[in-house]
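Chemist: A single structure is presented below for examination.
The values are calculated or read from the model by the stated rules, or taken from the named source; none is laboratory data. Please read all numbers here as calculations on a predicted model, not as lab measurements. Note that we place each Cβ from the backbone using ideal geometry, even for glycine, and neighbour counts take in every protein chain shown. Surface areas here come from the heavy atoms of the whole protein model, side chains and all, with no ligands, DNA or RNA. Shrake-Rupley method; radii C 1.70, N 1.55, O 1.52, S 1.80 Å.
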There are 2 protein chains.
Amino acid sequence: MPQISNKGQRIPASPIRKLAPYAEQAKREGKTVYHLNIGQPDIETPQVMLDAIKNISFKVWAYTPSEGILSFREKLAEYYNKLGYNIGPDNIIVTNGGSEGFIIATQSCLDAGDEIIVPEPFYANYNGFACMSDAIIKPVTASINNGFALPPISEFEKHITPKTKAIFICSPNNPTGYVYSRQELEDLKTLCLKYDLYLFSDEAYRDFCYDGQTFVSPMHLDGMDENVIIIDTVSKRYSACGARLGFLITKNKQILATALKFAQARLSAGLVEQIAGEAAIDTPASYFEHVKQEYTERRNILVEALNNMKGVYCPNPGGAFYVTARLPIDDADKFCQWMLETFSYDNKTVMMAPATGFYSTPGAGKDEVRLAYVLKQDDLKNAMACLEKALEEYPGRTVRNPELAVNTI
Amino acid sequence: MPQISNKGQRIPASPIRKLAPYAEQAKREGKTVYHLNIGQPDIETPQVMLDAIKNISFKVWAYTPSEGILSFREKLAEYYNKLGYNIGPDNIIVTNGGSEGFIIATQSCLDAGDEIIVPEPFYANYNGFACMSDAIIKPVTASINNGFALPPISEFEKHITPKTKAIFICSPNNPTGYVYSRQELEDLKTLCLKYDLYLFSDEAYRDFCYDGQTFVSPMHLDGMDENVIIIDTVSKRYSACGARLGFLITKNKQILATALKFAQARLSAGLVEQIAGEAAIDTPASYFEHVKQEYTERRNILVEALNNMKGVYCPNPGGAFYVTARLPIDDADKFCQWMLETFSYDNKTVMMAPATGFYSTPGAGKDEVRLAYVLKQDDLKNAMACLEKALEEYPGRTVRNPELAVNTI
């Protein structure tokens, strides 16, 4: 039998999805499973997008240009220019989801053995994108104790080698919710210019900043046009994760020309998605106000409930719709599986993503989980009641001794 | 400025799309351009598919499972089992187009430096898929003189090294239209089993066999379940190229498990596409009968017109909707560009794909072009009149001397 590839052996399973079979089994047993494992919001997609789908008038479901439909990219450029990005339609390549934007960008910039520095915990699928290019992720560990702020630049600098080609960031962050400050981005800029590095900026959660926090993009910084690649998506902004519509944005003409060749190799992004995406830009501001208000309330419920549980610590992040919390447990992977396989409270349980999958350093995040606040407030409250009960019952519960390693009771 | 990747420099531009700027310019100058360059049919998408889009009832455009919606895969399995594939829903991973099926399959099976043997001319985007894995294509040249039949297996065997991991085939073939016989596939099977190779079978054109020719898939052969990976797509079958919906199908469980990890890294295929794809399986047989009849007539028009032109030779292929023809020209790239940039007849011109991009051997296909018969019969006739005129006027016209190399007049 022929062998599968080394990278195919190396690519990790998704920490967000790998426990799905246990969730399916729990549901078959009649349990209610609260899905806090995945950033799939229950917020309704804007009506203008749904209407655009229903009103399609084409007779031939045809390819679009590989870089995306021009009228759509023109409207996107207007949208980004309102944010101060100062781009034209030629700076945008439309992709099959932000994921494909990442894949095309990494393929355009990175060869086998090239290194990417990423503050961890980070969005687990970066592992997959790096793996597809045989590139190597070098993590710089952020700490839950300061809410997962950007680690000191000196920590990044320690990892620089002749192979270092790029830094990946995500702000507001998945999985921590942390929003990088202008100063933090300026520090990254200095580093990127000093060592001639690409800065990949994952901006999937740009619209979700709370408590008056301001989103800052590397696109807002002067003098690094050749270094910055933005990855964006409609998935979270419009609660349209299943649209598979994203964007690669850069002012670097060489990357644009190279990315276009990779885009041509897969022909085009979806036609229906682009029609709906163009309509989505007309989504009224009230939609976002309502959504932001809702997420703020959900976050408050989650963070308060978590911090009220004995032995649990959860920072109060300023953005996205995730928190990464520390639990009094021996092993997040075991705990999350146990909650689906063994535990139930009032015939209900909670699915969470073990944080280990968001760290690249072996053993890191072993007592942390990522929770997505994508469910209705009452469901979140029920889920938190479940979690509290589960932590009481879990056989691997630990007492954290700040002076020592984690101890099992 | 940071450097782009080596593979980004290496990946070729699409021969199908690279001349698009010249076509755009010609249109701006008021010329009609007949697009025979790209496999984008003008055939209408089945009404059941369009209706499925218009009738969507979801309120949240959500992710689907990474492997695809179960009910869709169940229905697909039934469809494939009518063809004799003998598979279940678990043998199918739904992808963003056949292109992504190829990318995921190559990533799952091939590492940097691994070699793939491909009969040339071949679908140009295989270069891109190989490039993304840093794999190397080793071409085996088929000849226009026998209609691009499979080259002798001994020619394949000459290219086998310890690095050889896979063979890629496409039948009915893009760009030649040739349909592989059962014997040709049996010969490939013997080779794959002897050297433990994967056989990637691109079946995008399965439904388009003419003159009573029978489609045979490697799935129909016994004893090579672990070796065969089918790549399929709805693009051509339902004239739905812009749907970006394809399938990776295999009975090899290790590949399925590996491919699922790559599929998870990009989350899911599109929801609307899968809803429409499920509906498409109910397309009435009369749709395909009509379409096949239409393509047969178009092919006859094209092949007859081409062979009636002085110095032109075009085999009469049994499938797909392409022909690769030999023209009396010095350089297909120059000629195709000249037709868009300089030539017009009655203010019309033709866009074709230079065959050089479908060959991997340098210099091969220099006097060949690929034409897609995807336009209405009258348009095809007009396009052929244009091409005949263009060949008369083209300054790089050659006389072919069978004893010598091609000579410019």
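Chemist: Might you check whether a residue that is open to solvent by 40 Å² or more (accessible area, probe 1.4 Å), in the same structural domain as B:P162 (by TED's automatic domain parsing) and not charged (D, E, K, R) occurs anywhere in region B:99-107?
Modeler: no
Residue by residue, here is whether (1) in contact with a Ser or Thr (Cβ under 8 Å, 6 or more places away or on another chain); (2) over 23 Å from B:L256 (Cα atoms); (3) without any contact (Cβ under 8 Å) to a residue 40 or more places away in the chain holds:
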| residue | (1), (2), (3) |
| --- | --- |
| B:P152 | no, yes, yes |
| B:P162 | no, yes, yes |
| B:P172 | no, yes, no |
| B:F215 | yes, yes, no |
| B:I229 | yes, no, no |
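Here's the yes/no breakdown for (1) closer than 28 Å to A:S235 by Cα; (2) open to solvent by less than 10 Å² (accessible area, probe 1.4 Å); (3) not assigned by TED's automatic domain parsing to the domain that holds A:A305:
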residue	(1), (2), (3)
A:D330	no, no, no
A:F335	no, yes, no
A:T342	no, no, no
A:M351	yes, yes, no
A:P354	yes, yes, no
A:G357	yes, no, no
A:A364	no, no, no
A:A372	yes, yes, no
A:L380	yes, yes, no
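Chemist: Report, by residue number, each residue of region B:230-267 that is within 7 Å of another protein chain (Cβ to nearest Cβ), assigned to a helix (DSSP H, G or I) and hydrophobic (A, V, I, L, M, F, W, C).
Modeler: B:C241, B:A243, B:I255, B:F262, B:A265
Chemist: Being of a type in the set (K, R) and part of a loop (DSSP other than H, G, I, E, B) is the filter here; which residues of region B:1-43 pass it?
Modeler: Answer for region B:1-43, where residues must be of a type in the set (K, R) and part of a loop (DSSP other than H, G, I, E, B): B:R17, B:K18, B:K31.
Chemist: Would region A:159-180 turn up any residue that is at pLDDT 95 or above, assigned to a helix (DSSP H, G or I), assigned by TED's automatic domain parsing to the domain that holds A:L221 and surrounded by fewer than 23 Cβ atoms within 10 Å (Cβ to Cβ)?
Modeler: No.
Chemist: How many residues are within 13 Å of chain A (Cβ to nearest Cβ) and touching a residue at least 12 places away in the same chain (Cβ under 8 Å) when one looks only at region B:14-40?
Modeler: Matching residues across region B:14-40 total 12.
Chemist: Please enumerate the residues belonging to region B:31-60 that are more than 18 Å from B:C336 (Cα to Cα) and of a type in the set (G, A, S).
Modeler: The answer is B:A52, B:S57.
Chemist: I'd like the full set of residues that are in a loop (DSSP other than H, G, I, E, B) and either free of Cβ contacts under 8 Å to residues at least 24 places away in the same chain or aromatic (F, W, Y) (or both), limited to region A:309-345.
Modeler: Answer for region A:309-345, where residues must be in a loop (DSSP other than H, G, I, E, B) and either free of Cβ contacts under 8 Å to residues at least 24 places away in the same chain or aromatic (F, W, Y) (or both): A:C314, A:F321, A:T342, A:F343.
Chemist: Report the residue count in region B:1-11 for those that are more than 7 Å from chain A (Cβ to nearest Cβ) and either open to solvent by less than 80 Å² (accessible area, probe 1.4 Å) or touching a strand residue (DSSP E or B) at 6+ places or on another chain (Cβ under 9 Å) (or both).
Modeler: Matching residues across region B:1-11 total 1.
Chemist: Give A:I281, A:I275 a once-over and let me know the one that is closer than 25 Å to B:S99 by Cβ and either among the polar types (S, T, N, Q) or open to solvent by 10 Å² or more (accessible area, probe 1.4 Å) (or both).
Modeler: The match here is A:I275.
Chemist: For the structure I just gave you, tell me whether B:V94 is within 14 Å of another protein chain (Cβ to nearest Cβ) and either in contact with a Gly (Cβ under 9 Å, 6 or more places away or on another chain) or part of a helix (DSSP H, G or I) (or both).
Modeler: Here the answer is yes, as B:V94 does meet what is asked.
Chemist: Of everything in region A:41-58 that's more than 9 Å from every other protein chain (Cβ to nearest Cβ) and surrounded by fewer than 13 Cβ atoms within 10 Å (Cβ to Cβ), which residue is nearest to B:I43 (Cα to Cα)?
Modeler: A:S57
Chemist: Of all residues being open to solvent by less than 10 Å² (accessible area, probe 1.4 Å) and part of a loop (DSSP other than H, G, I, E, B) in region A:208-226, which is nearest to the other protein chains (Cβ to nearest Cβ)? Just the residue, please.
Modeler: Across region A:208-226, the extreme among qualifying residues is A:M224.
Chemist: Within region A:59-89, count every residue that is assigned to a helix (DSSP H, G or I), crowded, with 19+ Cβ neighbours inside 10 Å and among the aromatic types (F, W, Y).
Modeler: Final tally of qualifying residues: 2.
Chemist: Kindly establish whether B:Y79 is more than 7 Å from chain A (Cβ to nearest Cβ) and touching a residue at least 12 places away in the same chain (Cβ under 8 Å).
Modeler: Spelling it out, B:Y79 is indeed more than 7 Å from chain A (Cβ to nearest Cβ) and touching a residue at least 12 places away in the same chain (Cβ under 8 Å).
Chemist: Could you tell me how many of the residues in region A:285-304 are touching a residue at least 24 places away in the same chain (Cβ under 8 Å) and open to solvent by 10 Å² or more (accessible area, probe 1.4 Å)?
Modeler: Adding up the residues that qualify gives 7.
Chemist: Go through A:G101, A:G88 for me and flag whichever is at pLDDT 95 or above and either within 17 Å of A:R370 (Cβ to Cβ) or more than 19 Å from the chain's Cα centre (by Cα) (or both).
Modeler: Step by step, each of A:G101, A:G88 is checked, and only A:G88 is at pLDDT 95 or above and either within 17 Å of A:R370 (Cβ to Cβ) or more than 19 Å from the chain's Cα centre (by Cα) (or both).
Chemist: Further question on the same structure: Looking only at region B:126-143, how many residues end up being open to solvent by less than 10 Å² (accessible area, probe 1.4 Å) and either over 26 Å from A:I103 (Cβ atoms) or not assigned by TED's automatic domain parsing to the domain that holds B:P175 (or both)?
Modeler: 1
Chemist: Among the residues of region A:114-150, write down those that are in a loop (DSSP other than H, G, I, E, B) and within 14 Å of chain B (Cβ to nearest Cβ).
Modeler: Correct list: A:D114, A:F122, A:Y123, A:A124, A:S133, A:D134, A:A135.
Chemist: If I go through region A:268-283 residue by residue, how many of them are part of a helix (DSSP H, G or I) and either more than 7 Å from chain B (Cβ to nearest Cβ) or of a type in the set (S, T, Y) (or both)?
Modeler: The number of residues fulfilling the criteria is 7.
Chemist: Here's another thing I want to ask about it. How many residues, within region A:187-207, are open to solvent by less than 20 Å² (accessible area, probe 1.4 Å), more than 11 Å from chain B (Cβ to nearest Cβ) and within 17 Å of the chain's Cα centre (by Cα)?
Modeler: Final tally of qualifying residues: 7.
Chemist: Let me ask something additional. Sort out which residues of region A:181-207 are assigned to a loop (DSSP other than H, G, I, E, B) and polar (S, T, N, Q), and write them in order of number.
Modeler: Listed by number, the list holds a single entry, A:S181.
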